[in-house]
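Trainee: Take a look at this one; I'll ask things after.
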Amino acid sequence: MDFRVPVLYTLSMLSFYTKMDKNKRIRFLRKAILTAVALSCLIPTCICVILAIRYDRSQTRLKQASEDIAWYREHYGEKELEQEDTVARKFFDAANVVLAAESEEKEEPGKADADKEKSSDVSDDTMTEDEKEPSESSGEGDSPETDAKETVVYEKDPEDDDGAEGTEGNDGEEAGETPADEGADKEEWDGIRRIYLTFDDGPSSSTSDILDILDEYGVKATFFVTGKEDSYYQPIYKRIVDDGHTLGMHSFSHKYSEVYASLDGFQTDLHKLQTFLYESTGVWSKLYRFPGGSSNTVSKVDMEKLAKYLELEGIVYYDWNIACGDDRAGTTMDQLISNVISGVPRYHSCVILMHDAADKKNTVEALPEIIKTIQGMENTEFLPITDTTEIVRHRDYR
Ligand code: ZN
């Protein structure tokens, strides 16, 4: 700091002061004292105010994040979380095995039985393979294959007919390949792999970051949200809609004990959320994702009843066929990316399950890489789920 300025200023003031008469000196002194006192109060006051504002902002952010996490702990207990993941994967993987066997049978009748046997062998290792991409681990042996055969409607590339044992390496090589000599439904495929990113459980303190990333890469997605009445979340619901993403429902409370206690409980929760979203955004959502997926076994009400009720209400529900795995504790960012990328070549319509939650920072960090990698694949297109999107369900009761 240059000290010459205040010294020169003081000297010039002294010279000015000595030239004054007595009365002027008194007035000058009085003014100088008052100014000094005012400044000595004002400067620290300003500093205090600035610090207080900054402290308040960081406290608000901390409080929001804590509330977010508390909400998830309360609504989404560890046991339920585990159950949701395991149960959904069980049905989903069983379906994969059946589809793989069916495609195999078309090419080489009789081989399917052997494949099923192979699959059930692998299923013994299901627990140890838990870290793998969910769609790759085999289904459990006791899964009712007939159920899966009747209900699962999503399609699968025949190149992946090693299905139950598929490896990430193979998937990588198969990325971008197009079906060559497949069955009837393959002929209808227009060659575009449609990618539907879906985010469950939001809004949260991560939603804005997710929306920023989607915006940056020009990607539209689907948010299956819950009901959060805190005013902090209101602009977030609105932004999801304003940014052109699809707003889907994922139950108001996300409490299994309430949502799945009875048909009445389910209806009340559903309409509470539908109305809440309409009041918050002006959107009357007709899209639903069951907490735990349609294959959950937590529900005390037959899931078929709930599915039929949704149909009556004109609401369409979606599950997923690729899970990034962010609901499993300890999954690294690289694993999340790998889980998604290795799953994409398997389907023409990829409905990817991700979570929008305060404690899922890895998901946010993995998102740009996931988007960039998929955008780098040939003939892929990101889309939000709409009325015309191919239905992807673990269990379909139509
Ligand atoms: Zn959920």
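The values are calculated or read from the model by the stated rules, or taken from the named source; none is laboratory data. Being a predicted model, the structure only gives us computed values, none of them experimental. Glycine also receives a Cβ, built like all others from the backbone with ideal geometry; neighbour counts cover every protein chain displayed.
Trainee: Is it the case, given these coordinates, that LYS286 is of a type outside the set (Val, Ile, Thr), within 25 Å of LYS238 (Cβ to Cβ) and away from the ligand (no atom under 16 Å from the Cβ)?
Mentor: Judged against the criteria, LYS286 is a match.
Trainee: Additional query: The conditions are (1) within 15 Å of the ligand (Cβ to nearest atom); (2) in a helix (DSSP H, G or I); (3) over 17 Å from PRO203 (Cα atoms), and GLN267 fails exactly one of them. Which is it?
Mentor: Among (1) within 15 Å of the ligand (Cβ to nearest atom); (2) in a helix (DSSP H, G or I); (3) over 17 Å from PRO203 (Cα atoms), GLN267 violates only (1).
Trainee: Also: For segment 292-330, how many residues are farther than 21 Å from SER349 by Cα, assigned to a loop (DSSP other than H, G, I, E, B) and either aliphatic (A, V, I, L, M) or within 16 Å of the ligand (Cβ to nearest atom) (or both)?
Mentor: Residues in segment 292-330 being farther than 21 Å from SER349 by Cα, assigned to a loop (DSSP other than H, G, I, E, B) and either aliphatic (A, V, I, L, M) or within 16 Å of the ligand (Cβ to nearest atom) (or both): 8 in total.
Trainee: In the set GLU365, GLU378, which member is of a type in the set (D, E, K, R), surrounded by fewer than 24 Cβ atoms within 10 Å (Cβ to Cβ) and part of a loop (DSSP other than H, G, I, E, B)?
Mentor: GLU378
Trainee: Further, regarding this structure: Report, by residue number, each residue of segment 199-218 that is more than 14 Å from ALA366 (Cα to Cα) and within 14 Å of the ligand (Cβ to nearest atom).
Mentor: Of everything in segment 199-218, those that are more than 14 Å from ALA366 (Cα to Cα) and within 14 Å of the ligand (Cβ to nearest atom) turn out to be ASP200, ASP201, GLY202, PRO203, SER204.
Trainee: Please give the number of the condition ARG239 fails out of (1) within 28 Å of TYR309 (Cα to Cα); (2) basic (Lys, Arg); (3) touching a helix residue (DSSP H, G or I) at 6+ places or on another chain (Cβ under 9 Å); (4) more than 15 Å from the ligand (Cβ to nearest atom).
Mentor: Among (1) within 28 Å of TYR309 (Cα to Cα); (2) basic (Lys, Arg); (3) touching a helix residue (DSSP H, G or I) at 6+ places or on another chain (Cβ under 9 Å); (4) more than 15 Å from the ligand (Cβ to nearest atom), the lone unmet condition for ARG239 is (1).
Trainee: Any residue at all in segment 247-260 that is part of a strand (DSSP E or B), surrounded by 15 or more Cβ atoms within 10 Å (Cβ to Cβ) and away from the ligand (no atom under 14 Å from the Cβ)?
Mentor: Yes: one or more hits.
Trainee: When residues of segment 304-332 are filtered for being crowded, with 18+ Cβ neighbours inside 10 Å and closer than 20 Å to LYS272 by Cβ, how many remain?
Mentor: Count: 4.
Trainee: Okay, next question. If I filter segment 327-347 for residues that are more than 19 Å from the chain's Cα centre (by Cα), under 23 Å from PRO384 (Cα atoms) and among the aromatic types (Phe, Trp, Tyr), do I get at least one hit?
Mentor: Checking segment 327-347: at least one residue is more than 19 Å from the chain's Cα centre (by Cα), under 23 Å from PRO384 (Cα atoms) and among the aromatic types (Phe, Trp, Tyr).
Trainee: A follow-up question, please. Within segment 346-361, is there a residue that is under 16 Å from ASP209 (Cα atoms) and assigned to a helix (DSSP H, G or I)?
Mentor: The answer is yes, given that some residue of segment 346-361 is under 16 Å from ASP209 (Cα atoms) and assigned to a helix (DSSP H, G or I).
Trainee: With TYR260, TYR232 as the choices, which residue is of a type in the set (Phe, Trp, Tyr) and at pLDDT below 95?
Mentor: TYR232
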